[in-house]
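Here the structure comes first, spelled out in structure tokens, and everything after it is commentary.
Read the figures in this text as sums done on the coordinates, not as results from a lab. Just so it is clear, the model here is predicted, and its values are computed rather than measured. With ideal geometry, Cβ positions are generated from the backbone for all residues, glycine too; neighbour counts draw on all protein chains shown.
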Amino acid sequence: MCMGIPMRVVKVDGLTAKCEAKGICRDVSLWMLQHETVAPGDHLLTHLDNAVRKITEDEARETWALLDLVLTASGPAQPA
């Protein structure tokens, strides 16, 4: 199963965006969105450090609410 992670754009440098979610910062490729305008404050649905599409702030909030439920239901992480 693939999961998209909502992230907020902090900075854009060409086809790379510095994005943040839950206190974690990642460099995200904008290659698949190269024909769209992406700016700081935008929200992106990301997968494996690639922006898949722009989403609204409400969509990001709703997605995180669902992801938080899944993470809570799965319990604490188990050591490998």
Given 0.36 nm per residue, what is the gain on full extension from T37 to L67 after removing their alpha carbon distance, in nm? 8.1 nm
Dipole magnitude of region 5-74, debye to nearest 20 (Cβ charges: Lys/Arg +1, Asp/Glu -1, about Cα centre): 140 debye
Per-selection metrics, region 5-74 (Cα): Rg and Dmax in Å: 11.9, 39
Rounding to the nearest 10 and keeping the result within 0 to 90°, find how far the Cα-based axis of helix 57-74 lies from the longest principal axis of the chain. 30 degrees
List the aspartates and glutamates whose Cα sits under 19 Å from the Cα of K11, skipping any in the same chain fewer than 8 residues away. E20, D27, E36, D42, D49, E57
Per-residue [θ]222 nm for the chain (sum of -39500 (n - 2.57) over DSSP H runs n ≥ 4, rounded to 500): -7500 deg cm²/dmol
